[in-house]
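Undergrad: Shown below is the structure under consideration.
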Amino acid sequence: MMTAQHCREMDAQDPLRGLRDLFVLPDGLIYLDGNSLGVLPKATAGRVARAITEEWGQGLIRSWNNAGWFDLPMRLGDKVAALVGSRRGDLVVTDGTSINLYKLLSAALRIAQQHAPSRRVVVSERSNFPTDLYIAQSLCQERGYRLLLVEDAQIEPALTEDVAVMMLTHVNYRTGFMHDMQAVTAAAHRRNILALWDLAHSAGAVPVDLQADDADFAVGCGYKYLNGGPGAPAFAWVHPRHADRFEQPLAGWWGHAAPFEFTPDYRPAPGIARYLCGTQPILSMVALECGLDTVLAAQPLGGMAGLRRKSLALTDLFIQLVEERCTGHGLALLTPRAHERRGSQVCLTREQGAYAIVQALIARGVIGDYRAPLPAVPASQRADPAPGGILRFGFTPLYTGFEDVWTAVAHLQQVLAQREWERSEFNQRHAVT
Ligand SMILES: *Cc1c(COP(=O)(O)O)cnc(C)c1O
């Protein structure tokens, strides 16, 4: 049996333990939701204040050059590139994930249209994050494509010769399942299908090697494991073999080859810079840089491989403790046990009461979140793996400790043993983030 003392020893031996000091961690709170909104880095408030009072307040318009504002999308792009296996200069930080997805999927469809006009299908998963599916639906409708949604991990049989683009999220937000990016991309390429990956739950959480895995397009989110703050800018990556081939549909002046010539005609910038649209949210960019720097601070301590090792140790510990201490309460594990298929979160499911259990944990200062079950699938298809609601716990190795995991499970055990989740105040539904 695992003990609290053993968890404290794991913290004492953790080479990444010091990184926790880079963050503002509210007293008495165990935060297991960094997969939804990363924790505030200590450096951010001062850095943003300086951008406001000095760069904006004193520098004014000069700061576009003097404070490097204009370069932020590419400069931050290089920092993200180091985390996801992109070359420098191939990745840009800009806009939001949904918007970048629109730009990239649109470019992918144009490439497909040129090379294989008879292919009229975009494939994704039914359990993909809704915004990805909505963006794809809207683009498919506009361009005359069909969006085919398959059940989890049933991708390969759907990769037929009708398919133009495969659009997947690398780590599933609902289950924590992680695709084998290299194998699935290779399967798509064997059938001449372009592979677009959403790295929202991957960037800063698990090692990703876009270039080595030969992906075609990728987007990702700045406010989850990259700790960029609410609504932080996202990123877009296009494999260099495609980067110069097409204009993206939101052709704005920041993506122009020479924006300050103010010419009436659009001429796209070379490479990934053409995926910029208009003026960027500089204050948010500055905040995101502080978040990126917290992840890059792990570089001398083993980088993404070191973070991954700790992430797996944390999720292994959580699974072990739940199984040792919370059996007999109807919880089932939704996240794969196999390390190579697991992201940096653990999801449990329970036929009833999942929402209230999460609320009861939050009242105790253990913050995870709840996700509703998917609507039942048609009988002809595989049974839904999540019949009940989902209790979702994200583990961010930068600031989550092993003793935190112990304490979180101790609270979960008490909530279950005392049937706290049956109390009416935890069953009042309100807006869930
Ligand atoms: C969080 C998340 C998003 C967020 O999109 P926004 O445009 O930032 O709201 C998109 N896709 C996936 C898979 C996500 O997990």
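The values are calculated or read from the model by the stated rules, or taken from the named source; none is laboratory data. Worth saying up front: this structure is predicted, and the values here are computed from it rather than measured. Cβ: placed from backbone, ideal geometry, glycine included. Neighbour counts: every protein chain shown. To get the accessible areas, we keep the full protein, side chains included, count just its heavy atoms, and leave off ligands, DNA and RNA. Shrake-Rupley method; radii C 1.70, N 1.55, O 1.52, S 1.80 Å.
Undergrad: What value, in deg cm²/dmol to 500, does the helix sum -39500 (n - 2.57) over DSSP H runs of n ≥ 4 give at 222 nm once divided by the residues of the chain?
TA: Values: 14 runs with 154 residues, N = 433.
Mean residue ellipticity at 222 nm (helix-derived): -11000 deg cm²/dmol.
Undergrad: If the elastic network links every pair of Cα atoms under 10 Å, which of Gly89, Gly59, Gly222 fluctuates the most in the Gaussian network model of the chain?
TA: Answer for the Gaussian network model of the chain: Gly59.
Undergrad: So, with a 1.4 angstrom probe, what is the percent of accessible area on the range 326-366 that is carbon and sulfur?
TA: Details: 710 of 1550 Å².
Exposed carbon and sulfur together represent 46 percent of the surface.
Undergrad: If you don't mind, there's one more thing I want to ask. Which order do Cys277, Cys290 take by accessible area at a 1.4 Å probe, largest first?
TA: Values: Cys277 40, Cys290 15 Å².
Sorted descending by solvent-accessible area, the residues read Cys277, Cys290.
Undergrad: Still on this structure, I have one more. In debye to the nearest 20, how big a dipole does the chain give about its Cα centre with +1 on each Lys and Arg Cβ and -1 on each Asp and Glu Cβ? If you can, show how the numbers build up before the last one.
TA: On the way: 41 positive and 44 negative charges, 62 e Å.
Dipole about the Cα centre, nearest 20: 300 debye.
Undergrad: For the range 88-233, what is one quarter of the convex hull surface built on the Cα atoms, given in nm²? Don't skip to the answer; put the middle values down first.
TA: On the way: hull surface 32.8 nm².
Mean shadow area of the hull around the Cα atoms is 8.2 nm².
Undergrad: Starting from the alpha-carbon convex hull of the chain, give the projected area averaged over all orientations, in nm².
TA: 22.1
Undergrad: Under 10 Å, Cα contacts only: if you run a Gaussian network model on the chain, which one of Ala269, Ala164, Ala363 comes out with the highest mean-square fluctuation?
TA: Ranking Ala269, Ala164, Ala363 by mean-square fluctuation puts Ala363 first.
Undergrad: Can you find, among Gly222, Ala183, His170, the residue sitting farthest towards the positive end of the charge dipole of the range 161-237, where Lys and Arg contribute +1 and Asp and Glu -1 at Cβ?
TA: Result: Gly222.
Undergrad: Right, something else. Using the Kirkwood radius over Cα pairs, work out the Stokes-Einstein diffusion coefficient for the range 48-296 at 37 °C and 0.692 mPa s, in µm²/s as a whole number. Intermediate values should be presented prior to the final figure.
TA: Details: Rh = 18.4 Å.
For these conditions, the coefficient is 179 µm²/s.
Undergrad: Rank these by accessible area, largest first, 1.4 Å probe: Ser36, Ser124, Ser138.
TA: Details: Ser36 30, Ser124 0, Ser138 55 Å².
Ranking Ser36, Ser124, Ser138 by accessible area, largest first, yields Ser138, Ser36, Ser124.
Undergrad: Another question, if that's okay. Please list, in chain and number order, the residues 5+ apart from Thr94 or on another chain whose amide H is under 5 Å from its amide H, with Hs placed from the backbone.
TA: Here Ala234, Phe235, Ala236 satisfy the definition.
Undergrad: Now, a different point. Where the only charges are on Cβ atoms (+1 Lys, Arg; -1 Asp, Glu), what is the dipole of the range 48-296 about its Cα centre, to the nearest 20 debye?
TA: On the way: 21 positive and 26 negative charges, 65 e Å.
The calculated dipole for the range 48-296 is roughly 320 debye.
Undergrad: Still on this model: If you roll a 1.4 angstrom probe over the protein chains with everything in place, what fraction of the accessible area of the range 1-133 belongs to carbon and sulfur, to the nearest %?
TA: Details: 3550 of 6210 Å².
Within the range 1-133, the accessible surface is 57 percent carbon and sulfur.
Undergrad: Relative contact order for the chain using alpha-carbon pairs under 8 Å, separation at least 6, rounded to a whole percent?
TA: Values: 840 pairs, mean separation 89.8, N = 433.
Across the chain, relative contact order equals 21 percent.
Undergrad: Sticking with this one: When the chain is modelled as a GNM with alpha-carbon springs shorter than 10 Å, which of Thr169, Thr44, Thr396 fluctuates the most?
TA: In this elastic network of the chain, the residue with the biggest mean-square fluctuation among Thr169, Thr44, Thr396 is Thr44.
Undergrad: Could you order Phe402, Phe177, Phe262 by accessible surface area, starting with the largest, using a probe radius of 1.4 Å? Spell out each step's value before the answer.
TA: Numbers: Phe402 10, Phe177 50, Phe262 140 Å².
Sorted descending by solvent-accessible area, the residues read Phe262, Phe177, Phe402.
Undergrad: I'd like the Karplus ³J(HN,Hα) series for the range 204-209: coefficients 6.51, -1.76, 1.60, θ = phi - 60°, whole numbers in Hz, and an x wherever there's a Gly or Pro.
TA: Calculated HN-Hα couplings, in order: x, 10, 9, x, 9, 10 Hz.
Undergrad: Along the range 14-23, what does the Karplus equation 6.51 cos²θ - 1.76 cosθ + 1.60 (θ = phi - 60°) give for ³J(HN,Hα), rounded to whole Hz, x for Gly and Pro?
TA: So the J values, rounded to whole Hz, are 7, x, 9, 3, x, 5, 4, 5, 7, 10.
Undergrad: Rounded to the nearest 20 Debye, what is the dipole magnitude of the range 176-303 about its Cα centre when Lys and Arg each give +1 and Asp and Glu each give -1 at the C-beta? All intermediate terms of the calculation are to be shown ahead of the outcome.
TA: Working: 7 positive and 12 negative charges, 39 e Å.
Dipole size: approximately 180 debye.
Undergrad: Just the number please: accessible area per residue for the chain, 1.4 Å probe, all protein chains included, in Å². Each step should come with its number before you reach the end.
TA: Details: 17650 Å² over 433 residues.
That works out to 41 Å² for each residue.
Undergrad: Show the residues, 5+ positions off or on another chain, whose built amide H is closer than 5 Å to the amide H of His256.
TA: Under 5 Å from the amide H of His256 lie the amide H atoms of Ala269, each far enough along the sequence or on another chain.
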